[in-house]
Amino acid sequence: MEPQHSAACLNCGRSEAEFPVLVLRLAGHEVFICPQCLPALIHHPDRLTGTLIAAGWDGETPPPGADAGH
Ligand SMILES: [Zn+2]
């Protein structure tokens, strides 16, 4: 895995060079999200689960609300 030189939003891909991004800690991983995409994580965390896994999360623990659709 390459070292991460530039943080980018996990949802829209905008980099910290273009826009401020927030650091999220999840299951020992660091991921980044921009303020514009934060509401998506708050209201629809299930939609971002696949994205979070792709960002390096192992997916062992569902994020809050991931099973809200049941
Ligand atoms: Zn974003």
Requested in this report: Hey, can you grab everything whose amide H is under 5 Å from the amide H of LEU24? Only 5+ residues off in sequence or another chain; H modelled, so Pro and N-termini drop out.
Outcome: VAL31, PHE32, ILE33
Query raised in the report: Could the peptides 11-19, 26-34 be put in order, highest first, of the mean number of other beta-carbon atoms found within 10 Å of their residues?
Result: 26-34, 11-19
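Please report the net charge: other residues with Cβ closer than 10 Å to the Cβ of CYS9, K and R +1, D and E -1.
Net charge in that neighbourhood comes out at -1.
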Query raised in the report: According to a simple spin-label model (label point 7 Å from Cα along Cα-to-Cβ), what is the distance in nm between ALA27 and ARG47?
Result: 2.1
Requested in this report: Kindly give Rg over Rh for the stretch 1-57, based on alpha-carbon atoms, with the Kirkwood expression for the hydrodynamic radius.
Outcome: 0.94
**Report entry** Cα-projected label distance for SER6 with ALA40, points at 7 Å along beta-carbon direction, nm
**Finding:** 1.9
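Taken together, the values in this text are just the output of simple stated rules run on the coordinates, not laboratory data. Quantities reported herein were computed from a predicted structural model and do not represent experimental measurements. Neighbour counts are summed over all protein chains in view; Cβ atoms, including those assigned to glycine, are modelled from backbone coordinates with ideal geometry.
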